[in-house]
Structures are given as C-alpha cells and as structure tokens.
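Chemist: My questions all concern the structure below.
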Amino acid sequence: MNSKRSVVISPQFTSFVGRGPCDPTALPGDALILGFGDIGEPAVMMLGQDDLTAEAIDHLVVFAIGREACSTLFGMLPKPEGRWYLPADLRGLGRALVAVDGDSPASTMLRTARSMELLCQLFAALEADRMVEVGGATTLSEQDITRVAAAHQLVNECWQEKLTVSTVARRCGLSKAKLTHGFRQLYQCTVPEAVSARRLEQARQLLAQSDLPISSIGYRCGYLSNASFTRAFARRFGMAPTEMRRLEMTPYAS
C-alpha cells in the first residue's frame, strides 16, 4: 500500500495527505497527531503514534505538530482523545488540501500553504469554541447527528435546487424543528444560511474562473435579480462582485 504524501513544513510540523499509512520518520518529536477522517461528516480527532499505520490509513489528512510549537503558536493543546465535528468552512479547507494533485514544486508549495491555513483555522475554531465535541456539548442523538450531517451534505450537493427547510427535513427523515436545532448546534447557521453560503461560494468561484457576466453568474447561483445577488455577495464577502472580480484578475494583468 502506498503511503500518504509527507509535507514537511517545518521541523515541528508535518502534514500527511492522501490514503495509506503515515511515514513515521517524518514525525516531529513529541508530536500531537490530528486525523481529519475523510473530510466529511463528522470528524477531526486526536490520534496516537500507534495509529499511524493502522487507523490513520483512512484519514485523508493527518497533521503532526510538536507540543512545544503548538503551545507557542496557539497557546493551547487540544484535549487528549478529543473528537470534534468539523465545521463547514474547515471541511472546505480540507477538501482544497486533498484536491492538490501532483508532486511538482508548485504542488508541494500549494499543499504546504493549505496545510498551514487549515492548521491555523482549526486552532482558531477550537479557541472560539466553534468545535462541537462528538458525544459532548450537543443534545442530539448519534442517529440525529448522522441525519443532520446528511442534510448538510444535501445542501452542499443540491444547492441549485429549491431547498426549503421542509424539503430538506423530509428528505433526511427529520422534523423541521430538529433539523433547525441540529444546524444551529453543529454548523452555527440555519438551513437557508447554509444554502446561501454555498451559492455564494459557487458565485465566487465563477467570478474567478470564468468571464461570464456578473448578472449571469447571479442567475446561475439562484438569484433572480442582479441587485439581490450584489447585496447578498457584499454581505458575505465585504465587497461587490465587480470589485471581487477586479481583485481576482489584477495579479494576471500585464
């Protein structure tokens, strides 16, 4: 079995990406080890060194950071044997890290940058108490957690459909009240907010990756008028779509 890619970012931080075991020779000394599962629903969890060639095989991302460096950088150490539900923004960062292909210097640089971003955002979320513990501070049963997670995945995959709270709840076997409560506990947002966030992230990608007119992008992402799209986009990203496109294109200008 192939090993994960080892990205040695510093003597105190190594990121392992992909399927397979981790190379133990790339571990920093006295390392904390965090496994991100399949970057799906839930999971980020503390691992032990004995897990590197067993449980870690199916984790798409594993971080190993020296305890001293962790304390210096973030002022905290995660609790031993901790397990947390991964917020949507961190899952997005994890997927972006896993999506980097190839072993060229540019790919390695991008993998390094995305590993550092995910690590910093993870600890920021822990410090801000945005990470809900598995079996911890949630009133949902494990079965309901699974259903709420499925509902969130439905939003991510079917955002172009007309998704109402009732529709999502019915398709995932939940009451409207339990779905709303579950989204608040696990994702710190409502179902409509999650749908809107997904649509606007898609709009942002289209602005950067296409030359479609802004009005067409808004329509493709579910907005019936350019004005409503511009207002929603500016609330989320702090600038109008025209300004975002200008900034995205500036580095490529001759």
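Chemist: Mind listing whichever residues of segment 60-77 are open to solvent by 10 Å² or more (accessible area, probe 1.4 Å), touching a residue at least 24 places away in the same chain (Cβ under 8 Å) and closer than 15 Å to residue 31 by Cβ?
Modeler: 67, 68, 69, 73, 74, 77
Chemist: To continue, here is another question. If the requirement is being in contact with a helix residue (DSSP H, G or I) (Cβ under 8 Å, 6 or more places away or on another chain), more than 24 Å from residue 96 (Cα to Cα), surrounded by 13 or more Cβ atoms within 10 Å (Cβ to Cβ) and free of Cβ contacts under 8 Å to residues at least 40 places away in the same chain, which of these qualifies: 200, 179?
Modeler: 179
Chemist: Working only within segment 81-100, note down all residues that are open to solvent by 70 Å² or more (accessible area, probe 1.4 Å), under 18 Å from residue 49 (Cβ atoms) and either in a helix (DSSP H, G or I) or in contact (Cβ under 8 Å) with a residue 40 or more places away in the chain (or both).
Modeler: Start the filter on segment 81-100 by keeping residues that are open to solvent by 70 Å² or more (accessible area, probe 1.4 Å), which leaves 81, 83, 89, 95, 99.
From what's left, under 18 Å from residue 49 (Cβ atoms): 81, 83.
Correct list: 83 only.
Chemist: So which residues in segment 52-80 are closer than 16 Å to residue 121 by Cα and part of a strand (DSSP E or B)?
Modeler: 61, 62, 63, 64, 65
Chemist: Residues of segment 73-112 being of a type in the set (Val, Ile, Thr) and over 30 Å from residue 193 (Cβ atoms), which ones?
Modeler: 108, 112
Chemist: Looking only at segment 223-243, filter to residues that are in contact (Cβ under 8 Å) with a residue 24 or more places away in the chain and under 19 Å from residue 92 (Cβ atoms); which one of those is surrounded by the most Cβ atoms within 10 Å (Cβ to Cβ)? Let's see the steps before the verdict.
Modeler: Applying the first criterion (in contact (Cβ under 8 Å) with a residue 24 or more places away in the chain) to segment 223-243 yields 223, 229, 232-233, 236-237, 241-242.
Add one more test, that the residue is under 19 Å from residue 92 (Cβ atoms), and what stays is 232-233, 236-237.
Values: 232: 20, 233: 26, 236: 16, 237: 16.
Looking at the filtered set, the residue picked out is 233.
Chemist: Which condition does residue 50 not pass, out of (1) over 22 Å from residue 84 (Cβ atoms); (2) out of contact with any helix residue (DSSP H, G or I) (no Cβ under 7 Å at 6 or more places or on another chain), if it passes all the others?
Modeler: The number of the failed condition is (1).
Chemist: Now for a separate question. Do you know which residues across segment 24-51 are closer than 19 Å to residue 91 by Cβ, open to solvent by 20 Å² or more (accessible area, probe 1.4 Å), assigned to a loop (DSSP other than H, G, I, E, B) and not charged (D, E, K, R)?
Modeler: 42
Chemist: Return yes or no: is residue 55 under 22 Å from residue 19 (Cβ atoms) and modelled with pLDDT under 85?
Modeler: yes
Chemist: Quick check on segment 6-19. Is at least one of its residues in a loop (DSSP other than H, G, I, E, B), in contact with a strand residue (DSSP E or B) (Cβ under 6 Å, 6 or more places away or on another chain) and of a type in the set (A, V, I, L, M, F, W, C)?
Modeler: Pass one, segment 6-19, residues in a loop (DSSP other than H, G, I, E, B): 11-12, 18-19.
Subset that is in contact with a strand residue (DSSP E or B) (Cβ under 6 Å, 6 or more places away or on another chain): 12, 18.
When the remaining residues are screened for being of a type in the set (A, V, I, L, M, F, W, C), the result is none.
Within segment 6-19, not a single residue is in a loop (DSSP other than H, G, I, E, B), in contact with a strand residue (DSSP E or B) (Cβ under 6 Å, 6 or more places away or on another chain) and of a type in the set (A, V, I, L, M, F, W, C).
Chemist: Sort out for me the helices (runs of 4 or more DSSP H) sitting completely within segment 149-228 that have 2 or more residues that are modelled with pLDDT under 90.
Modeler: Qualifying helices (runs of 4 or more DSSP H): 176-187, 191-209.
Chemist: If you go through segment 1-15 one residue at a time, how many are surrounded by 15 or more Cβ atoms within 10 Å (Cβ to Cβ), in contact with a Gly (Cβ under 9 Å, 6 or more places away or on another chain) and touching a residue at least 24 places away in the same chain (Cβ under 8 Å)?
Modeler: Summing the residues that are surrounded by 15 or more Cβ atoms within 10 Å (Cβ to Cβ), in contact with a Gly (Cβ under 9 Å, 6 or more places away or on another chain) and touching a residue at least 24 places away in the same chain (Cβ under 8 Å) in segment 1-15 gives 4.
The values are calculated or read from the model by the stated rules, or taken from the named source; none is laboratory data. Keep in mind that this is a model prediction, so the values were computed, not measured. Here Cβ is always computed from backbone atoms with ideal geometry, including for glycine, and neighbour counts include all displayed protein chains. We work out accessible area using only protein heavy atoms, side chains counted, and drop any ligands, DNA or RNA first. Shrake-Rupley method; radii C 1.70, N 1.55, O 1.52, S 1.80 Å.
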